[in-house]
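The values are calculated or read from the model by the stated rules, or taken from the named source; none is laboratory data. Predicted model, so just to flag it, every value in this text is computed and none were measured. Cβ placement follows ideal geometry from the backbone for every residue including glycine, while neighbour counts extend to all protein chains displayed.
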Amino acid sequence: MTAPFEATIEFARVQDQADKLSSFKNHFHFPVHNGKPVIYFCGNSLGLQPKTVSEAIDVELQSWREIAVGGYFKGANPWLYYQEYLKASLAKMVGALENEVTVMNALTVNLHLLMLSFYKPKDKRTKIIMEAGAFPSDQYAVETLVKHHDLNPDEHIIELFPKDGKKTLETTDILSTIEANKDSLAMVLLGGINYYTGQFFDIPAITKATHNIGAIAAFDLAHVVGNIPLQLHDWNVDFAVWCSYKYLNAGPGAVGGVFVHEKHATNKDTPRLAGWWGNEEKERFKMEKGFIPKQNASGWNISTSQVFNSTALKASLAIFDEAGIETIRKKSIELTGYLEFLLNRLTNLDFEIITPSNPQERGAQLSLFFKEKGKQIHQAMLDNGIIVDYREPGVIRVAPAPLYCSFEDVYRFYEILTTIH
Ligand SMILES: Cc1ncc(COP(=O)(O)O)c(C=O)c1O
């Protein structure tokens, strides 16, 4: 597969024939519109259901039905260790050691828990840098965390704004803001990909600059994991959190993911709010006083493993293992590049692609900004069997997830868009 692209169905089909991942589409259930599978470009919001999920859930239902509490120890997948079954695949996906990842709770809860561990405002070092227009849940989490420490959010949260007339941030501006606040900065928290613009930040450069001035580098990777390969361990990121219902295809309310760098995870003195599931396994059932944290990211687990929130993730990660995140990314760059090429040919719709055009600064998603009629156009897409989402103000997010979207889907999407006014 190579650019230059062509705006024909034949070209799209040739790309699909050459695509090593083309058969992976068959692993997923597609909603139907007017008797035909929809064009589903909404994996940035909720990934499609892998066909293996229902059987995987049936296995756990069977354990519960037939051996009840025995399922913790003797089920097909003993529930006591359910989190462990996910670690190898997740570690590969985010470039971590297995002892640096765990699953628990949901994304914003994990963001709170990890920030409680790592944001320790002291003397002059009290400030947090984040993107202006970060996902609202992250904004609320940071605002209330700062207030929790009796600090004023207006003074202690530094928001990064794009330059006048721009929609995305320059890495150099992020780095210079870190440097400018070198004596007062406690933490940098960025979305790895901004949910609205689709911009992918330079995580290694930001982490390095943050560490150079002695602060903590943290990332919300909701829009990155399963979309772009990462090297969180080597990049020395302090902690990261993500959800599993977007590109990871683990279903609504699926268990959240956490990375804690080994240098913190193996330190039992790293502060945290604890529960029995984070306690040393051998000691857990002694029911004794005194928390002894596991010497890994699971030392942040609090409650009993959420089996039914994790089962779809386990099934889905098996598909990622088979496909390989590097192969997925390679296809994604081509697929989203093709989408961009076709969108740039449209003359009947007035919009701007605000996602960076450099493939290294984006994942699968392109954000189309409509000054006018964005909602109307979004509705027209839905009416035509295209599933994408709309975010105020004015953005339609279009994300062809490479595991289940084809070049032909992208071409069909374009063809339908030529008919919308
Ligand atoms: C970037 C980002 N952060 C946080 C959240 C909130 O996640 P949750 O509701 O799982 O806490 C989302 C949800 O879409 C998100 O996209």
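Points to keep in mind about this one:
- Residue under evaluation Gly257, criteria (1) more than 30 Å from Pro400 (Cα to Cα); (2) under 22 Å from the mean Cα position of the chain (by Cα); (3) not hydrophobic (A, V, I, L, M, F, W, C), criterion not met: (1)
- Restricting the range 142-199 to residues that are within 16 Å of the ligand (Cβ to nearest atom) and part of a helix (DSSP H, G or I), the residue that is surrounded by the most Cβ atoms within 10 Å (Cβ to Cβ) is Val142.
- Only one of the numbered conditions (1) crowded, with 21+ Cβ neighbours inside 10 Å; (2) closer than 21 Å to Pro293 by Cβ; (3) in contact with an Asp or Glu (Cβ under 8 Å, 6 or more places away or on another chain) is not met by Ala91, and that is (1).
Here is a yes/no grid of residues against (1) buried (at least 16 other Cβ atoms within 10 Å of the Cβ); (2) outside any helix (DSSP H, G or I); (3) at negative phi; (4) among the polar types (S, T, N, Q):
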position	(1), (2), (3), (4)
Gln15	yes, no, yes, yes
Lys20	no, yes, yes, no
Phe24	yes, no, yes, no
Gly47	yes, yes, yes, no
Glu55	no, no, yes, no
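Every residue, every condition in (1) on the phi < 0 side of the Ramachandran plot; (2) assigned to a loop (DSSP other than H, G, I, E, B); (3) in contact with a Phe, Trp or Tyr (Cβ under 8 Å, 6 or more places away or on another chain), yes or no:
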{"position": "Ala68", "(1), (2), (3)": "no, no, no"}
{"position": "Tyr72", "(1), (2), (3)": "yes, no, yes"}
{"position": "Ser89", "(1), (2), (3)": "yes, no, yes"}
{"position": "Val103", "(1), (2), (3)": "yes, no, no"}
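- Scope the range 358-407; condition part of a helix (DSSP H, G or I) and either closer than 13 Å to Tyr40 by Cβ or not charged (D, E, K, R) (or both); matching residues: Pro359, Gln360, Gly374, Gln376, Ile377, His378, Gln379, Ala380, Met381, Leu382, Phe407
- Checklist (1) assigned to a helix (DSSP H, G or I); (2) more than 28 Å from the chain's Cα centre (by Cα); (3) surrounded by 14 or more Cβ atoms within 10 Å (Cβ to Cβ) applied to Glu10, failing item: (3)
- Candidate set from the range 218-241 (those that are outside any loop (DSSP other than H, G, I, E, B) and buried (at least 24 other Cβ atoms within 10 Å of the Cβ)); member that is farthest from the ligand (Cβ to nearest atom): Leu232
- Any hit, the range 242-263, residues being in the same structural domain as Ala222 (by TED's automatic domain parsing) and in a helix (DSSP H, G or I): yes
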